[in-house]
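Q: This is the structure I want to talk about, given as structure tokens.
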Amino acid sequence: MDVSPSGAFVKIAADLTVVDVYDIAAALGQEFERIIDQHGCDTLARLMPKVVRLLELLEVLVSRGSRGAETEELRLELDRLRVERRDRVEQDRRHQQELESVEDTWRGETQELLSQVSQLQAQNKSLLARLRDASSWPAEEPSEREGSSEKHRQVVTRLKEALEQQRDEIRARNHELELRNEDVEALQLQQHRLMKVNQDLRHRMSVLESQGKALIQQRAELEALVQARQQELQKMSQRQDGEGALRRGLATAKDKAPHSCIGSKNEKDKLPESAAVGACPVQSSLWAECAMDRDFLSRCCGPAESPALLTTPTHNHMHNSKDECIRGMLQEDLLEAEHKKFGEGKAEEERYNEDQKDPNSPCFTLQDLQAVLQERNELKAQLFIMQEELAYYRNEEQEENLVDIVARSLPPPLPQSSEPQESGIKRLLFTAIMPMVAAGLISDDPTLLPIRRLISFV
């Protein structure tokens, strides 16, 4: 018998059964027989009892595991049955509650029906009693009942007429109220528009005020600039006058300087007069140039040649010819310094004249500056006007959207009464547009024909 134990060896330990253990034992027995045939029984004498013991233990363990699996399956089945029993009990309880609620509703409906039946029976009894009373009335009473019913009919008709009249009045009042609401909405829109126009005008006034302040400030700056230019021109004219006086003083000093070094004794007696006459222009020019600084003149020319001391001839007689020669040399140095300063001033004046004559030099007159400022102010004004127009068109678009929204939100008009009511829009058109046409503010164009027809109809 050839046994294939591949299935028992492939299974996991949890899936093994006793039959699989027997298959493993058979496979091992076949292997042992093959080894005994080849090598004899001595080689497996010690191994066989141990293998047999292992197989027995494996059989016991596999049998216990199979019983544990069966027990676990039974336990799971028991739990499932318990859950089903609990569900059934819960379902029975729900059914019982539903039955009780249905029974309660049925009892309530039964009580209501019984009460209705009792009421209907009472009504039947009352109707039967009335019927008996009506059959027992005498023959004269139907005429009285007809007269009372005729009066009752007249009262009802009068009440109906009064009710219809009141309804018509209510409709007319409602229509008038709607017209008043439309007038109020139109006035609110006009008020909103006027508020926006007022706000725009205030903004424009504030901008104009700011522009006026800026223009006043610019005017003040221009006046200050003009005054500064006038002061510069006065300084230049004074400088030119001083330079002319300096030239004349230098010319006279050149003529009188040689006589101060080679004069005789007779000339010494006449020295104060010649010094007073010859040195006075130079001293006066130096005095004007040095801004009446006595210390500077005393340091440069000495105390004897200061303008304050030239009027004292007694002090001039005390100096000898050597001092006069030194004084003459000092005067020559001063003349050279004055010539140099005069040359620098003349060169600066020539350079300024050349710059003024040069067409490529960056020079601007007061008229050019005023033209530039005026052009800037005009551009600012144009920019402001464009901004105002843009804001005005935006406000118009917002007003159109608001009018559309209000028109959509208005309720549908009720049926008008027989008497026509005067509209507030017509009065508004009559009081607002036509005086403007009469005053010439609005041209009498063909688009005003519908308004004229409307006003003529009013």
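Q: Could you work out how much longer the chain between residue 76 and residue 374 gets when fully extended? Use 0.36 nm per residue separation minus the Cα distance between them, nm to one decimal. Please list the in-between numbers first.
A: Working: separation 298, 0.36 × 298 = 107.28 nm, distance 10.50 nm.
Full extension of this stretch gives 96.8 nm more.
Q: Measuring from label point to label point, each 7 Å out along Cα→Cβ, what is the residue 105 to residue 133 span in nm?
A: 4.3
Q: If you don't mind, another one. Sorting check: for 368-378, 148-158, which peptide has the highest mean count of neighbouring beta carbons within 10 Å, and how do the rest follow? Could you put the intermediate results ahead of the total?
A: Details: 368-378: 12.2, 148-158: 10.0.
In decreasing order of mean packing, 368-378, 148-158 become 368-378, 148-158.
Q: Would you mind computing Rg(Cα) / (2.2 N^0.38 Å) for the stretch 66-215, counting N as its residues? Let's see the in-between values first.
A: Values: Rg = 43.6 Å, N = 150, 2.2 N^0.38 = 14.8 Å.
In units of the 2.2 N^0.38 Å rule of thumb, it is 2.95.
Q: For an R0 of 45 angstrom, estimate the FRET efficiency from the Cβ-Cβ distance between residue 114 and residue 85 and round to the nearest 0.05. Numbers along the way, then the final one.
A: Numbers: r = 43 Å, r/R0 = 0.96.
Efficiency at R0 = 45 Å is approximately 0.55.
Q: Could you let me know the centre-to-centre spacing of the stretch 205-224 and the stretch 61-122, using Cα atoms, in angstrom?
A: The stretch 205-224 and the stretch 61-122 have Cα centres spaced 98 Å from each other.
Q: Ranked by Cβ crowding within 10 angstrom, fewest neighbours first, how are 177, 28 ordered? All intermediate terms of the calculation are to be shown ahead of the outcome.
A: On the way: 177 10, 28 16.
Fewest-to-most Cβ neighbours within 10 Å comes out as 177, 28.
Q: At 1.002 mPa s and 20 °C, plugging the Kirkwood radius over alpha-carbon pairs of the stretch 6-107 into Stokes-Einstein gives what diffusion coefficient in µm²/s? Intermediate results must be reported in sequence, preceding the final value.
A: Working: Rh = 18.7 Å.
Translational diffusion coefficient: 115 µm²/s.
Every number here is computed from the coordinates shown, using simple stated rules; none is lab data. Since this is a predicted model, take the numbers as computed values, not measurements. Here the Cβ is made from the backbone with ideal geometry for all residues, glycine too, and neighbour counts use every protein chain on show.
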